[in-house]
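Beneath this line is the structure, given in structure tokens, with notes to follow.
The values are calculated or read from the model by the stated rules, or taken from the named source; none is laboratory data. Computed from a prediction, not measured in an experiment: that's the story for all the values here. Cβ sites come from the backbone with ideal geometry, for glycine too, and all protein chains shown count toward neighbours. Only protein heavy atoms, including side chains, enter the accessible area calculation; ligands, DNA and RNA are left aside. Shrake-Rupley method; radii C 1.70, N 1.55, O 1.52, S 1.80 Å.
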Amino acid sequence: QVQLQECGGGLVQPGGSLRLSCTASGFTFSTYVMKWFRQVAGKERELVAEIDSGSGTNYANSVKGRFTISRDNAQKTVYLQMNSLKPEDTAVYYCNTRILGRVYWGKGTLVTVSA
């Protein structure tokens, strides 16, 4: 079955960096768009970045120039490199993909940006 497992979250000071990873299984990873979302308690989940099968990328305006999404098809892993982190980046970050119309989510990893 399709599984997505995120890791790499944690506590970081403002201006710091983190790299999130999402390892996938149960589907042909290389052919699907992979996305990172984030959610703050009480707010809707928002798209942070996405990468297609040709490694074309798209970013939310709030993270452009600071975050980079990439993928390693051999490792079935998608990454989110987050630099110049701000307190407003604090959220649970989720990995996402859509296969044949069905949406799949990982369990999320918490990123806290605080001094």
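Place a label point 7 angstrom from the Cα of Lys86 along the Cα-to-Cβ direction, then list the residues of segment 1-19 whose backbone nitrogen is under 20 Å away. Answer for this model: 10-19. The HN-Hα couplings worked out from phi for segment 96-113 by the Karplus form 6.51 cos²θ - 1.76 cosθ + 1.60 (θ = phi - 60°) are 8, 8, 10, 10, 6, x, 9, 9, 10, 10, x, 7, x, 9, 7, 10, 10, 10 Hz, whole numbers, x standing for Gly and Pro.
Taking a probe of 1.4 Å, how large is the accessible area per residue of segment 17-69, in Å²?
It amounts to 52 Å² per residue over segment 17-69.
Shown in residue order for segment 31-43 are the 3J(HN,Hα) couplings computed by the Karplus curve 6.51 cos²θ - 1.76 cosθ + 1.60 at θ = phi - 60°: 9, 10, 5, 10, 10, 10, 10, 9, 9, 9, 3, x, 10 Hz (x for Gly and Pro). The convex hull drawn around the Cα atoms of the chain, when projected onto a plane and averaged over every direction, covers 6.8 nm².
Measuring nothing but protein heavy atoms, the accessible surface of the chain at 1.4 Å probe radius is 46 percent carbon and sulfur. Full extension of the chain segment joining Lys64 with Leu110 gains 14.5 nm, where the gain is 0.36 nm per residue of separation less the Cα-Cα distance. Taking a Cβ cut-off of under 11 Å around Val48, the surrounding Lys, Arg, Asp and Glu residues balance to a net charge of +2, with basic ones at +1 and acidic ones at -1. Only the Cβ atoms of Lys and Arg (+1) and of Asp and Glu (-1) were treated as charged; on that basis the dipole of the chain about its Cα centre amounts to roughly 80 debye. Legend note: in the chain, cysteines whose Cβ sits 4.7 Å or more from every other cysteine Cβ are Cys7.
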